[in-house]
1. Ordering A:Cys621, A:Cys149 from largest to smallest accessible area (1.4 angstrom probe), what's the sequence?
2. Calculate the spin-label point distance for B:Met16 paired with A:Lys599, positioning each point 7 Å from the Cα along the beta-carbon direction, and give it in nanometres.
3. Could you check how much of the accessible area of the stretch A:559-625 is carbon and sulfur, as a whole percent, using a 1.4 Å probe?
4. Please pull out the direction-averaged projected area of the stretch A:403-545, using the convex hull of its alpha-carbon atoms, in nm² to one decimal place.
5. Before rounding to the nearest 500, sum -39500 (n - 2.57) across all DSSP H runs of length at least 4 in chain B and divide by the residue total; then give [θ] at 222 nm in deg cm²/dmol.
6. Residues with beta-carbon under 14 Å from that of A:Leu347, excluding A:Leu347: net charge, scoring Lys, Arg +1 and Asp, Glu -1?
7. For chain A, what does the relative contact order come out to in percent, with C-alpha contacts under 8 Å and a separation of six or more?
8. At what distance in nm do the modelled label points of B:Glu137 and A:Asp281 sit from each other, each positioned 7 Å from its Cα along Cα→Cβ?
Amino acid sequence: MRSLILLIPLLPLIGFLLNISWGKQLPKKISGGIGVLAVLMSFLLVVYGWLQSSGSESTIDYTYFKWIETSAFSINFGFQLDNLSFLMMSIITGVGFLIHLYSDGYMHKDDGYYRFFAYLNLFIFFMLLLVMGSNLLITYIGWEGVGLCSYLLIGFWFKNHEYNDAAKKAFIVNRIGDLGFIVGIFFCLLNYKTIEYAALNELAAGSIQIGSAVVTTITLALFFGSTAKSAQIPLYTWLPDAMAGPTPVSALIHAATMVTAGIYMITRLNGLFLAAPFTLDVILVVGTATALVAAIIATRQNDIKKVLAYSTVSQLGFMFAALGAGAFVSGMFHLTTHAFFKALLFLGSGSVIHAMSGEQDIRNMGGLKSLKVTHLTFLIGTLAIAGIPPLSGFFSKDEILVNVYSKSFWFFIILFATAMLTAYYMFRLYFLTFHGKFRGTKEQADHLHESPLSMTFPLMVLAILAVVGGFLGIPEVFHMPHTFNEMLGKIVKIPELTVSHTFEYTVMGISTLIVGAIIYLTYQYFVTKEKLPSKSEKGFWSTAISNKFYIDEAYDSLVVAPVMGLSKWLYRVLDRSLTDGLVNQVGLTTLLSGQSIRKLQTGRTSLYLFAMVLGLILILCLNFFNR
Amino acid sequence: MTALIILSLLGILVLMMGLFHLKNKVLILIIPVLIAGIFLNANEYGLNASYFSQMVHFDNFAISFSSLLILTTTLIFGLCLQQYKTSKKPVEDIYALIIFSLVGAICMVSFNNLIMFILGLEIMSVPLYVLAGSNRENVLSNEASLKYFLMGAFASAIVIFGMTLIFGATNSFQLDEIRNAVSGTKMPGVLQVGILLFIGGSLFKAAAVPFHFWAPDVYQGSPTVITAFMATVVKTAAFAGLFRFMMVAFQDISGLWVNILVIITIATLFLANFSALSQTDFKRLMAYSGISHAGYMLIAILVLNMNAADALFFYSVSYSLATIVAFGIFLTMKNATGEYSLEIFKGLSRKNPFLAFGLVIAFLSLAGIPPLAGFFGKYFIFTSAIKGGFLTVVIIAIINTMIGAYYYLKVLNMAFTKDVYHSAPVKNHLLLDAVIVFAAIGTLILGFFPGLLQGFI
């Protein structure tokens, strides 16, 4: 078992190594096959491992070796396996496998085919490391590694300058967050002498004083790290730009897995975070604000992938709001269902883009019902995210809303409104894309075709999951087992709900009614009346929203420009003149002295012997003075 | 001790096999026996046995260092095939002499009596004088041999003179008895002179300033594998022997000589690194590089405690491995081009990326760049020196490390330039590649897990 578990992350790593070393020479079938098979086998191992360990009550800890040892602390290299990590592992490898399969069709004509699979495999390896690690440092390796892969894949078409900029932006913004993460790790080591998850949660339950400055600082630092990786205010701006990468990448990395790393990490450390109520409040505020802002921005986007990107940011905000309300399981539940339906939506959009020969603007689409599988699965995804019962999004979103309500009424109202916005922008997207008349060019119309099976099969599987995923966590009012609570209850503290059943029924009923109304109105507006989003926005609010509240511009002028200016000045003054001048002078002097010393070596033995004797005499003389 | 006996027998056997004109086929015998020797030797770890009425004492220090010496020699034999592949003359005598020299080196790290030390020194040196001139038709080789012999004899005389003075002061050649004699009563002045002469003479083999003049000329003239042997085995043995003597006998009275040694260390570091900067011949560069490493290793002798012994051992291992990789790659390049200058490395990364990668590991390790073994070698030596109170020396050594980086990186820079010096293809050779891979992987592993060799001594 020990070594089998080790194989789970190693298989994708081997896939990466094979493809990066020899992928160029291999035929596409083989290099793609290696990539897909590596993830499939690792998924099967995850399932096997989960089944094997489901009987045992406690967490399994595999320590492979002592990694870093100092007198103050020691860090092991080990994996911690329980239902939480198995859940994440199965999402990563399961959804990952489907997306690998999809990529086989999507990337088939690309020259960098082998490179794409190599990077995807590497990503799976790091992501597995992130969720399997038994301490913060191993998670940090994965954390940095997935950041690297994200960078490589966003800039996958590196010949396009804009894409490279997007990749750089993602990497740099993530680095800012990583600083918070590493500071959190250092503070843990400094104050608690350990960074093992189990030990930290145990400490939090026992000796740590609730709300103390230390624990608040640590959790805030770790949360700051999460805001970058999981695209929350203030560090979310990279995610919409990251859509420059190939669509499977957006589905896998920027929707289903990597961006949820922050939620996983906080859930993993739930004991520590519960000991810092202030941090939880901050998380609730940030999550709610992000959910709302991103949803508002999404209503005015016209790029199919940008809408989905802002929707992802918004949904991640929901998850953080759940964490902030102390409902860690609900956060994980929404993470799971979101992984299904958002991966589905992204892959569906990829299929649309594929059919439209690279077109991404929904104003130029419409009437794509002829793509039967894509259309149907996309509709399922849209219904799921909009929260129509009994699809998965309904249950998980409802659970978050109820949990937030028991914490604060106003946050509940904001999130409720956000959920309604979600329904609006998603159906706006859906209707504009698939209904009405075709608005593309003639060539696009002729070229229009359904994607191959390797692309539609993952869509179908994910659609099924998006439908049934919600049954894993049916609310208590329906008197059915809540699988998620049972599964994670031992690892994560589940808050007692103080909400009455009547209230829950009311929320569900009202939200379903409103969503229904929104769908009808949206249909009226975009399909019956055939209104299109105008090219130029009028009015203060519309302009602000369609320009994403000018946040990117604000960051550019407030942060990027001053830093660039400073670094240019430093380069000119400090580096070029001072440092370089100094170094060059020192170097030159050294070289010259080398030249002159060299003359000592004449090649004459007599001189050498003389020097030896002289040296000895000198030593003896020095010795005389030394006494 | 078993290894010592087996190696002596092996040397005689190889010498006699010269009758059958087996040439390089004897390597099939030599290399396995040497590898067996490493294991037999390591097997005695922890036994702490003394032999020949306590003339030699195989404690952990001796076992560790002699294992290293045998390992290094094994790797050098791996290079020999490449050097002597086309030799028309018999090579068995050369191989036998290398083995005898190794036997001497082992005596030098395991001695417990000064007579044994001088015996080891001579057993190691005399074959080397012959080996340096073993390329009989080459003028440079002959010159190297003669120079080495003249100066070596001179150095031996100084060592023996120092020894007699020490004997005069302490009335013994036995290390522990010398130790007992010097602690306690006040010693006559000749003891101090004796110690200094002894140090001076020993430093000749280690090539430290001002006893280093032979090194560049001899390194340049000798056949390449012999140069590699001098740079690794001889240097390690000289340092280990000197360290052992000082540590056992004079640890308590280090005040008598430590200041002089500090001056020698600093002079060695500066002179070697400055001279190396503008060298254009690979072997001369390696000679100065070797002298500078002698400077770093001298710091361990300044500190003279168990910590320093560990550090010295680690340093010797990392230095030997990296040096062998460097010489191995040079040998391939030299055979391809027939030249000795640094220029032959130009464009190596395009012609043979494998060798270029090996060169990167070797030279970065020699320069002391983390995470390679060379970095931790320096790190351990420097930390032990700081703990021992030699902060100034460490600062000077670090400055020298920076100077040293220049000439190591210069070679790497050449290997990665676009223009190719020589169009001749660089062929790979199985045994040589195996040696390079082994040593390079060793360098990497020790860099990632420097704890592996800690606490051996």
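The values are calculated or read from the model by the stated rules, or taken from the named source; none is laboratory data. Just so you know, these numbers come straight off a predicted model, no measurement behind them. When we count neighbours, we look across all protein chains shown, and the Cβ atoms used for this are built from the backbone with ideal geometry, even at glycine. Areas reflect the complete protein model, heavy atoms only, side chains present, ligands, DNA and RNA absent. Shrake-Rupley method; radii C 1.70, N 1.55, O 1.52, S 1.80 Å.
1. From most accessible down to least: A:Cys621, A:Cys149.
2. About 5.8 nm separates the two model spin labels.
3. 75
4. Its average projected convex-hull area is 13.6 nm².
5. Helices in chain B give a 222 nm mean residue ellipticity of -25000 deg cm²/dmol.
6. With Lys, Arg at +1 and Asp, Glu at -1, the neighbours total 0.
7. 11
8. For the pair B:Glu137/A:Asp281, the computed spacing is 9.1 nm.
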